[in-house]
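Below is one structure, written out as structure tokens, with a few remarks after it.
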Amino acid sequence: MSVRSAIFGTTSLVFIATGASADVSANDIWTDWQNYMAGFGYSVDGTETMSGNTLNISNLKMSIPVPESDGNFELSLDSVDFVENGDGTVNLVFSETMPMSFVALGPEGEAVSGSLDYTMSNMEMRASGDPDKVQYDYSADQIGMTLTELVIDDEALSSDALEVSFTSNGLSGQSIMEPGALRKVVQTMALGATQYKVAFVDPESDAKVNFDGSMASVNMQGDSVLPISFDPENVQAALESGFAVDGSLSYTGSKTDFSIIGGGDEIIGSSSSETASIGVTMNKDALGYSGSSTGVSFNMDGNQVPLPIVAGLGQIAFNMLIPVAKSETPSDFALGVTLGDFVTSDQLWSMFDPAKVLPRDPATISFDLIGKAKLLFDFFDPTQMAAVENGEAMPAELNAVTLRNLRVAAAGAELTGTGDFTFDNNDLESFGGFPKPTGGIDVGLVGGNGLMDKLVQMGLLPQEQAMGARMMMGLFTRPGDGPNSLTTKLEINEQGHILANGQRIQ
């Protein structure tokens, strides 16, 4: 199933649960549904019956070959109605409970089949517009999904061995489809209070593993461009054909309780966050990910945990941007990480600092890198990637790097830094095969001497090593503006000399 199945699981449900002027007919919507799924390589079959203003599709089956196997992934639905309203719009009508079944091959070639119930309370869906631009508006009081059966190699798992369920209140959303050689899809969706549960028995240890989670609200939005024939297993071809996506998912009030219990052992814990978001952008030129979370907490305890683990973070954030296409000109890249305001329990602190010598202020690590690089291969081309991995081809040329907002703050000390470097790829001799850098970085340290004093007092840092470190700081730093502060400027000039505060050190 891999990538195709994952894409199917999101895109097909959005299409199912997805109104503009002009007219659309029941047959228009059904035909576009078939074309949409066919673009991903799915075959769509069903029995069509037209009665009055209603087109009924019964025994609906969607299937696709599973890559690198002899099996298919199949999904079956009992019935879907496309009801023409007489005003140029069409309602999509499903049962309150819609049984689904699937058949596939597992990762090791095992036969896997199962069934689930997809429930919708007061679901309303309406399609409007015209065949060249269809708008789907939908809402429901509640939606849910429950796994009712899973069979592996003709052996059915009991309900005690595996339990999977999901419910969400207050669904609302909209999808706008523009068919064509490049199908454009714009969609938004919002969910209210959401709960999920996953429980299973570990076949190796017989331990019962349980996850219970909830979110106060969930919001999703995305813009995508899909070629008429789209093979998710051939990403390079899809990108060259115009595939692109820009989407985000955010949620609030998240909490998950977990436990692993069995054989006399027990581990229990929970995690939570106030807000969280994740975003992805992908096109023929670049791939980008970003994410953030605030008010994060985690705890774990049990007889297999030496002592209770308690941790919290005020903020977690990351961003990444990389070029993915071979180019003759430099492209942007970026990497940023923030682990902000980390705190833990006094019990954990006391393991290595029982006398409370070190300040227990929240700790932070953060940095932000941006730059320019010339990619020398197509990132999603398997043949070119293999050549890079085997050392037969150079992956990229680094042209420039800028460091912004470096900050490491912990135990009463703080290190900061910013800098810029450019790289000469025509000079690989000056720095032992690495492109010659030119530029500099400014670094500041506050509280460094005080932290060393405390580490010596605690016996974690030998006095002679502390003296050596102070001598090095005296050589390469100078006093800063405030008390107990040091600064330094490290540079590499055009001649390849390394300077510290203007003095050549190499």
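The values are calculated or read from the model by the stated rules, or taken from the named source; none is laboratory data. All values derive from a computational prediction rather than experimental measurement. Using ideal geometry, Cβ is built from the backbone for each residue, glycine included, and neighbour counts are taken over all protein chains shown. Heads up: the accessible areas ignore ligands, DNA and RNA and are worked out on the full protein's heavy atoms, side chains in. Shrake-Rupley method; radii C 1.70, N 1.55, O 1.52, S 1.80 Å.
Taking the listed residues Gly170, Gly253, the one that is assigned to a strand (DSSP E or B), at positive phi, surrounded by 15 or more Cβ atoms within 10 Å (Cβ to Cβ) and in contact with a Gly (Cβ under 6 Å, 6 or more places away or on another chain) is Gly170, with no other qualifying. A residue that is more than 28 Å from Glu178 (Cα to Cα) and outside any strand (DSSP E or B) occurs somewhere in segment 86-97. Set side by side, the residues Ser273, Ser229, Ser205 differ, and just one is part of a strand (DSSP E or B) and among the polar types (S, T, N, Q), which is Ser273.
I need the full set of residues from segment 138-177 which are within 27 Å of the chain's Cα centre (by Cα) and acidic (Asp, Glu), in order please. Once the filter is applied, which keeps residues that are within 27 Å of the chain's Cα centre (by Cα) and acidic (Asp, Glu), segment 138-177 yields only Glu163.
Residues that are hydroxyl-bearing (Ser, Thr, Tyr) and closer than 17 Å to Phe94 by Cα within segment 147-180 comprise just one, Ser172.
Of note, Asp332 satisfies the criterion of being in contact with a Leu (Cβ under 8 Å, 6 or more places away or on another chain) and either under 30 Å from Pro382 (Cα atoms) or not aliphatic (A, V, I, L, M) (or both). For segment 292-299, the criterion of being closer than 30 Å to Leu182 by Cβ and in contact with a Leu (Cβ under 7 Å, 6 or more places away or on another chain) is met by no residue.
A quick yes/no check of all residues on (1) under 30 Å from Asn283 (Cα atoms); (2) surrounded by 17 or more Cβ atoms within 10 Å (Cβ to Cβ); (3) among the β-branched types (Val, Ile, Thr):
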| residue | (1), (2), (3) |
| --- | --- |
| Tyr138 | yes, yes, no |
| Glu155 | no, no, no |
| Ser159 | no, no, no |
| Ile176 | yes, yes, yes |
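Applying a threshold of 7 Å to beta carbon distances and a minimum spacing of six or more residues, or different chains, the list of pairs starting in segment 48-64 at a residue that is more than 18 Å from Thr89 (Cβ to Cβ) and ending at one that is assigned to a loop (DSSP other than H, G, I, E, B) and open to solvent by less than 30 Å² (accessible area, probe 1.4 Å) reads Met62/Tyr42; Ser63/Tyr42; Ile64/Tyr42. Checking each residue of segment 206-221 against the condition of being open to solvent by less than 20 Å² (accessible area, probe 1.4 Å) and under 20 Å from the mean Cα position of the chain (by Cα) gives at least one match. Listed by position, the strands (runs of 3 or more DSSP E) enclosed by segment 396-469 that each have at least 3 residues that are of a type in the set (Asp, Glu) are 413-424. Annotation: Phe94 fulfils all but one of (1) more than 27 Å from the chain's Cα centre (by Cα); (2) loosely packed, with under 14 Cβ neighbours inside 10 Å; the unmet one is (2).
On the stretch given as segment 318-352, residues that are open to solvent by less than 50 Å² (accessible area, probe 1.4 Å) and either under 28 Å from Phe243 (Cα atoms) or not in a helix (DSSP H, G or I) (or both) total 14.
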